[in-house]
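Encoded as C-alpha cells, the structure appears first; notes follow it.
Read-outs throughout are calculated quantities, based only on the coordinates presented, and are distinct from any laboratory measurement. Here the structure is a predicted model, which means the values were calculated and not measured. FYI the Cβ positions are ideal-geometry reconstructions off the backbone, even for glycines, and counts take in every protein chain you see.
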C-alpha cells in the first residue's frame, strides 16, 4: 500500500524543513523493493511561491489535500500567516491519519488549535514563545521530536529528518528506516527523547536574577548547585526562583545544571585527552557514570563515542 505524504508550505518557508524530511521519504522507495510513499506539496492557494532562499516551487491548493500524513514545515514567523491559512491547515489535518510539524511549523499547528492540551516541541529558540503564546500546550523544549497520539512535532531542521525516520520505521519497519539513514549519512536514529543541543548557551533571560544564576552555574560547575544555593544567588525564595527560572529558560534548575555541565564536558571530551573520570570531576558530575547518562540524554552518545567521532574527524 502506498501512503501519501503532504507538505504544507507558505512564502519564505525554510527550505531544509521541506527538503530534509521529503528526501527521507523519497529514499524509502529507493532502498526498498517498492516505493511506499507518494509526495505532494501544498500551500493555501496553490501555485508558485518562493522559499527562504528565493527558489520558486509549485504547489497544489490545500483544499485539494487528502493525504495519509500532513507535515507542516517551519519558516520565519509562521504565526503571522493569515487566519485563513490556519483554518485550511485545520481542515486538512482533520482529513489526515497523521499530522506533524517541523521546527516552527508547530506555531501553525498551535494556531489551528491542533496542539491544545497536547505535548509538543519546536526549535529551542521558539520554545518559550510557543509556551507563552499557547499556555494550554505542554511544550517540551528539550526534545528532538514529540509524539502525542496522531500528532508529531519536531525541533530544528535536522530533527525533521529524525521525525521522518521514525515515521518510516513505523510504516515500513526498522530495516528500511535504517537503510534510509545510511543513505542520508545521519545517525540511526536519534531517539525523540534526546535533548536538543546547546539550548542554554544563547539564552537571554528577561530577569537579572536568572542571568546571574546561569552565569554563576557556568563559573561554578564543580560546586554544589542546589536550588537553595541558586535561589540565594538570584535573591529569591527557592519556590519563587524555581518558578521564574522554569518560565524564562524552559528548564528546571536541576536540568539546566546538568545541561551546562554536559556542554562543558563535551568540549573537554572532544578537544582534550583528559580521562573521562577527570573531566567528570572537573565539571561537577564527580561520577563518570552520571556523566555518561547525562551525555545520552543531551547528545544521544556516550562520552567515549563522541571522543571517537571527534578523533575520526581530525584524522580522516
| message | Let me check against my output: what whole-number percent is the relative contact order of the chain, with C-alpha pairs under 8 Å and at least 6 apart? | response | 13 percent
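In what order do 94, 134, 145 fall by count of nearby beta-carbon atoms within 10 Å, going from fewest to most? Working shown, then result.
Working: 94 11, 134 20, 145 27.
Going from sparsest to densest Cβ surroundings: 94, 134, 145.
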| Please state the relative contact order of segment 1-76 as a whole percent: Cα pairs under 8 Å, 6+ residues apart? | 46 percent
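Give me the tail of P(r) for segment 208-314 as a percent: Cα-Cα pairs with distance above 21 Å. Could the numbers behind the result be given before it?
Numbers: 2156 of 5671 pairs.
Of all Cα-Cα pairs in segment 208-314, 38 percent lie more than 21 Å apart.
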| query | By how many degrees, 0 to 90 and rounded to 10, does the Cα axis of helix 124-133 deviate from the longest principal axis of the chain? | reply | 80 degrees
| Separation of segment 10-73 and segment 258-274 by C-alpha centroid, Å? | 38 Å
| request: Working from Cα positions, state the angle (0 to 90°, nearest 10) between the long axis of helix 15-31 and the longest principal axis of the chain. | output: 70 degrees
| note | Using alpha-carbon positions, the gyration tensor of segment 68-192 gives root eigenvalues a ≥ b ≥ c; with a/c under 1.5 called rounded, otherwise prolate if a/b exceeds b/c, else oblate, the class is prolate
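So what is the calculated 222 nm ellipticity per residue for the chain, using -39500 (n - 2.57) for each DSSP H run with n of 4 or more, over all residues, to the nearest 500 deg cm²/dmol? Before the final figure, lay out each step's value.
Working: 13 runs with 155 residues, N = 316.
Theoretical 222 nm ellipticity from helices: -15000 deg cm²/dmol.
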| request: Just order 283-289, 137-143, 102-108 by mean Cβ neighbour count inside 10 Å, highest at the front, would you? | output: 102-108, 137-143, 283-289
| said: Quick check: the angle from helix 238-249's long axis to the longest principal axis of the chain, C-alpha only, nearest 10 degrees? | reply: 40 degrees
| request: Would you look at the GNM of the chain, springs on alpha carbons closer than 10 Å, and say which of 249, 121, 226 moves the most? | output: 226
| task | Arrange 130, 49 by Cβ neighbour counts within 10 Å, fewest through most, would you? | result | 49, 130
| Modelled label-to-label distance, residue 80 and residue 2, 7 Å Cα→beta-carbon offset: nm? | 3.9 nm
| request: Taking all pairs of distinct Cα atoms, average 1/r, flip it, and tell me the Kirkwood hydrodynamic radius of segment 121-185 in Å to one decimal place. | output: 12.7 Å
| Where both partners of a DSSP beta bridge lie in segment 3-184, what percent of those bridges are antiparallel, to the nearest 5? | 30 percent
